[in-house]
Amino acid sequence: MAAVSNLYQVESSDQFKGLLSKDLQRVSLLYFWAPWAEPCKQMTEVITELSKKYPKLLSLQIEAEGQSDISESFDIESVPSFIILRGHTLLDRILGADAPALAKAIEKYVGSAESPAPLSRSEKSPAAPPPAVEKKGTPEELDTRLRRLMNQSRVVLFMKGSPDQPRCGFSRKISDLLRNKNIEFSHFDILTDESVRQGLKKLNDWPTFPQLIIKGELVGGLDIVKEMAETGELDQLIA
Ligand SMILES: N[C@@H](CCC(=O)N[C@@H](CS)C(=O)NCC(=O)O)C(=O)O
C-alpha cells in the first residue's frame, strides 16, 4: 500500500504528543486498533481512504495494547475505537466498526472545508456492531434478567465482543483459554447492553470484564481463571 502523508503509525507517547501539538487547529482522527481484531482490518482500509480524501485531516493509528498509556488517557475500552480531536479538544468518539458514522463525523468536522467526494466502497462496507442499549426496568426485573443470563448454560462468559470477534485483549485471552481447554461455554457481549454491563458489576461485586460464570456463580476475570487453569482448579470446578 502506498504511504499516505497525513496518516501515521504512532510508536510512542512522545511522537503522539509531538504530532498533535504541531497545529492546534488541525482535526485529528485517533484510530485505536489491535492486530487480532478482525473488524480492524476493514477499518484500516477505511482510515486510509479517509486520509486520502481529506488531506487536512491528521490520522493516527494507535495499537491499543502496545500504546497503553495513550489508550488509558482516552479511556479506550474496546477496539476498534475512534476519537476525533481539534488540537487537544475532544470533538467526537465513535465505537466499533461503524464506517458510515465515522465518515459522517469526519465530513462534519473537516469536510465542509474540503468539499469531499462521494464515499468510496470501502467506507460503506464493514458491518457495525449493534449500538449498546439500556433496557429500562425495575431493579428486581434487572436482577431476574441477570440471574437468568448467568444461568443460561453451565459456563457463561460475559465479555466484550464475541469469541470469534473479541473487542478487548482480556476477553480474547479468556475465550482462547476456554477454547484451548475444550470447555463448552456460551457468551454474552456486554458492549451491546449497558444495563447488563453495569448491573453485573454490582451484582457480582466485580468491576471489570471478562466475568466467567460457572454454575450460576462468578469465578473471576482473566487473571483468576488463568491461575485456576494452571493449578487444575478450573477442571475440577467444571467436572
Ligand atoms: N485484570 C482483569 C482485567 C480486566 C479489565 O481490566 N477489564 C477492563 C477493560 S476491558 C474493564 O472491563 N473495564 C470496565 C468496563 O469496561 O466496563 C482481569 O483479570 O480480568
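Where does the chain land at 222 nm, in deg cm²/dmol rounded to the nearest 500, when only DSSP H runs of n ≥ 4 count, each adding -39500 (n - 2.57), divided by all residues?
On the way: 10 runs with 93 residues, N = 239.
Calculated from helices alone, the mean residue ellipticity at 222 nm is -11000 deg cm²/dmol.
Find, among the trypsin sites (Lys or Arg not before Pro) in region 44-78, those assigned to loop by DSSP (not H, G, I, E, B) with at most 14 other beta-carbon atoms within 10 angstrom. List each step's numbers first, then the result.
Values: sites: Lys52, Lys53, Lys56; in loops: Lys56.
Here the trypsin sites (Lys or Arg not before Pro) that fit, given the DSSP loop and packing criteria, are Lys56.
Please find, in a Gaussian network model of the chain (springs between Cα atoms separated by less than 10 Å), the residue of Pro100, Pro166, Pro80 whose mean-square fluctuation is greatest.
Of Pro100, Pro166, Pro80, the most mobile in the Gaussian network model is Pro100.
Considering Cα pairs under 8 angstrom that are at least six residues apart, work out the relative contact order of the chain and quote it in whole percent.
17 percent
With a sphere of radius 13 Å drawn around the Cβ of Gly87, what net charge do the other residues whose Cβ falls strictly inside it have (Lys, Arg +1; Asp, Glu -1)?
Result for the local shell: +3.
Give the distance, in whole Å, between the Cα centre of region 52-68 and the Cα centre of region 82-101.
Taking the Cα centre of region 82-101 as reference, the centre of region 52-68 is 11 Å away.
So between Ser73 and Val4, what do we pick up on full extension, going 0.36 nm a residue minus the alpha carbon distance?
22.2 nm
Pick from Thr208, Thr89, Thr138: which residue has the top mean-square fluctuation in a GNM of the chain where Cα pairs under 10 Å get a spring?
Thr138
Between Lys201 and Ala239, what is the label-point separation in nm under the 7 Å Cα-to-beta-carbon projection?
Using points 7 Å along Cα→Cβ, the separation is 3.7 nm.
Along the Cα→Cβ direction, 7 angstrom out, place labels at Thr192 and Arg154. What is the inter-label distance in nm?
2.4 nm
Taking only C-alpha pairs under 8 Å that are 6+ residues apart, what is the relative contact order of region 58-117 in percent?
It comes to 19 percent, rounded to a whole number.
Antiparallel versus total DSSP beta bridges in the chain: what percent is that, nearest 5?
60 percent
Run the quick spin-label model on Leu19 and Glu38: label points 7 Å from Cα toward the beta carbon, then report their separation in nm to one decimal.
2.8 nm
Of Ser78, Ser51, Ser68, which is the most mobile in a GNM of the chain whose springs link Cα atoms less than 10 angstrom apart?
Ser68
No lab work stands behind these numbers, since they all come straight from the coordinates. Small disclaimer: the values here were computed from a predicted structure and weren't measured. A quick note on method: Cβ atoms are made from the backbone with ideal geometry, for glycine too, and the neighbour counts reach across all protein chains shown.
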